[in-house]
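S.K.: Here it is, the structure, as structure tokens.
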Amino acid sequence: MTLEVQSSPKTNAEPCAMIIFGASGDLTRRKLMPALYSLALQRRLPDGFCVIGSARSRMTDEMFRERMRAAASEFSPGGLRDERVWEDFARRLYYVSGAYEDPEAYQQLSEFMAKFEREHGTRGNRIFYLSTPPDLYGPIIRQMAAAGLAGRANRSEGWTRIVIEKPFGSDLETAKKLNREVHEVFDENQVYRIDHYLGKETVQNILVFRFGNAIFEPIWNRRYVDHVQVVAAETVGVENRGGYYEKAGVLRDMFQNHLFQLLCLTAMEAPVAFAADAVHQEKLKVLQAVCPISPEGVNDFAVRGQYGEGMIGGRQVKAYRQEPDARPDSRTETYAALKLFIDSWRWQGVPFYLRSGKRLAKKVTEVAIQFKQPPLLLFKACPVDKLGPNVLVLRIHPEEGISLRFEVKVPGDEVCVSSMSLDFSYQEAFGSDPADAYETLLIDCMRGDATLFTRHDWIELSWRILDPVLKYWAEKEPQGFPNYPAGSWGPPEADAMIGRDGLQWRRP
Ligand SMILES: NC(=O)c1ccc[n+]([C@@H]2O[C@H](COP(=O)([O-])OP(=O)(O)OC[C@H]3O[C@@H](n4cnc5c(N)ncnc54)[C@H](OP(=O)(O)O)[C@@H]3O)[C@@H](O)[C@H]2O)c1
């Protein structure tokens, strides 16, 4: 039997217009439009809601609607499930073409918006969504300000919010610069830096699991936890993102955002409320306490790798250096592992091992908390020389759930011990797949709830931790790239790093 306890209902999304810069791009097609259509199906969009797409490609409203219809058919779960809902939703989609460097385009957009705001009754409330190449974020914000589109929070005729896609900068300096550019025009409470991981049900569930149950928190610390492993492994290669990836690498693509978010949710103290500032403050404190990695320490605390050719799912795949847009002598890392310590009362001395890579053996994302061994091995006289450790696994992907491994006696005369686990699966318990992360985040933005978005200071601290590693790797030639075959669990150097602590990586 399950007991459902509702949290206090969230406030409703307010009427608003969403202006998407980059509306002809991949993210709009694969994520934003399917998420908005899904919200329309659930009748969760506010009254009068409308979308104004913008990009360079020339399109009429009708062409844009057709394109978005194809996108929703292909990428919404279950396709275009309700033709009438689609028709109603499509009538609220508009398109304005223009290049972002052209001031005229913003004037046009401004006039367009004023017209549609009147028609739709969106009360002047606007969400600007930056879904363009990241080097355009700064220039677009400047042009918006020049055209009077940026409006500070106290604009009398409605609110303005801006959603900024990842990546937010490519190192500490560029992230600071972008934050400065944003703050010249917007107040921080207007800014929603997106990391779609935070919109995932199971990621949010880390907080509910930790702080909605009394039994885990007393053991969630250095006295009982031996170490923590966070993994985000992918089987895919760089696919069609070779140009972007070649400049980014896995540390920028996965660690600065997703892995550090998981680290913070796992390690943070209880916030005073489940509200934006309180949660942001506690997450920030985790990063403030992470011991910096010095250039001399990089080889002890960080490992990089790049995949060579290999087999995935019985299929031969090419090496990273043979992927489209990758350089034949590329030094870009497609795998990284970090060992981090958090110098806090709770975590002092507990290593956190983080790893992520492409073309690994399995697609899996999880946080595993491994507990210490019992202080006394009572069963020495029996044929039990080693007990498996208790491990609590928070599974984020692909089967969302939680499992706890513990030791039990195998029936029989002798004392034999075996590992068993208690398992909770979202799918089994609740029947349906959790809502898409973008649905959650878009509706939160319409409500003005920034809890699941990222604050400026968190972003800068995350880059501060990674900067020394990025700099060191940029200066030093990597050894033996490619150093792991596609379909494996990464380079042997990563096994050696954790092996020096007498541990092994989990093989989920
Ligand atoms: N795709 C994903 O799954 C994903 C996931 C996470 C984050 N993101 C981030 O989201 C952003 C968008 O990604 P994407 O994959 O959608 O990129 P994309 O497919 O390359 O789309 C870029 C968009 O920007 C427009 N654009 C580029 N230069 C322009 C200019 N000078 N003036 C006006 N419009 C311009 C393009 O339209 P025109 O060519 O028609 O102008 C297009 O609509 C990126 O920052 C990316 O890092 C994407």
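S.K.: Need one number: % antiparallel among DSSP beta bridges in the chain, to the nearest 5.
M.R.: 60
S.K.: What nm distance separates the two modelled labels at K362 and A70, each placed 7 Å from Cα along Cα→Cβ?
M.R.: Distance between the two pseudo-spin positions: 3.8 nm.
S.K.: Could I ask something else about it? Going by C-beta contacts inside 10 Å, put M311, M268 in order with the fewest on the left.
M.R.: M311, M268
S.K.: Give me the one-decimal nm value for the distance between modelled label points at F211 and D329, 7 Å along each residue's Cα-to-Cβ direction.
M.R.: 5.1
S.K.: Provide the per-residue ³J(HN,Hα) series for the stretch 210-215, in order, calculated from phi with Karplus coefficients 6.51, -1.76, 1.60 and θ = phi - 60°, each as a whole number of Hz, with x at glycine and proline positions.
M.R.: Going residue by residue, I get 6, 9, x, 10, 7, 7 Hz, with x marking Gly and Pro.
S.K.: Provide K386, K283 in ascending order of the number of other Cβ atoms located within 10 Å of each residue's Cβ, fewest first.
M.R.: Arranged by neighbour count, lowest to highest, K386, K283 become K386, K283.
S.K.: Would you list V85, V286 from fewest to most Cβ contacts within 10 Å?
M.R.: Going from sparsest to densest Cβ surroundings: V85, V286.
S.K.: Suppose R0 equals 30 Å; then what is the FRET efficiency for L80 and A429 from their Cβ-Cβ distance, rounded to the nearest 0.05?
M.R.: E(calc), rounded to 0.05, equals 0.55.
S.K.: Apply the Karplus parameterisation 6.51 cos²θ - 1.76 cosθ + 1.60, with θ equal to phi minus 60°, to every residue of the stretch 139-146 and state each ³J(HN,Hα) to the nearest whole Hz, in sequence, with x for glycine and proline.
M.R.: After applying 6.51 cos²θ - 1.76 cosθ + 1.60, I find x, 5, 4, 5, 5, 4, 4, 4 Hz.
S.K.: Aspartates and glutamates within cross-link reach of K285: Cα-Cα under 12 Å, excluding same-chain residues under 8 positions apart?
M.R.: E269, D343, D457
S.K.: Still on this model: Within the stretch 302-400, what is the number of lysine pairs with alpha carbons under 21 Å apart, leaving out pairs fewer than eight places apart on the same chain?
M.R.: 7
S.K.: Kindly write out, for the stretch 55-68 in residue order, the coupling ³J(HN,Hα) from the Karplus curve 6.51 cos²θ - 1.76 cosθ + 1.60 (θ = phi - 60°), rounded to whole Hz, with x marking Gly and Pro.
M.R.: Each residue's phi maps through the Karplus curve to give 5, 6, 3, 7, 8, 8, 4, 4, 5, 4, 5, 4, 5, 6 Hz.
Read-outs: derived from the displayed coordinates by stated rules, not from any lab. Here the structure is a predicted model, which is why all the values come from computation and not from measurement. Please note: Cβ atoms are built from the backbone with ideal geometry, for glycine as well, and neighbour counts cover all protein chains shown.
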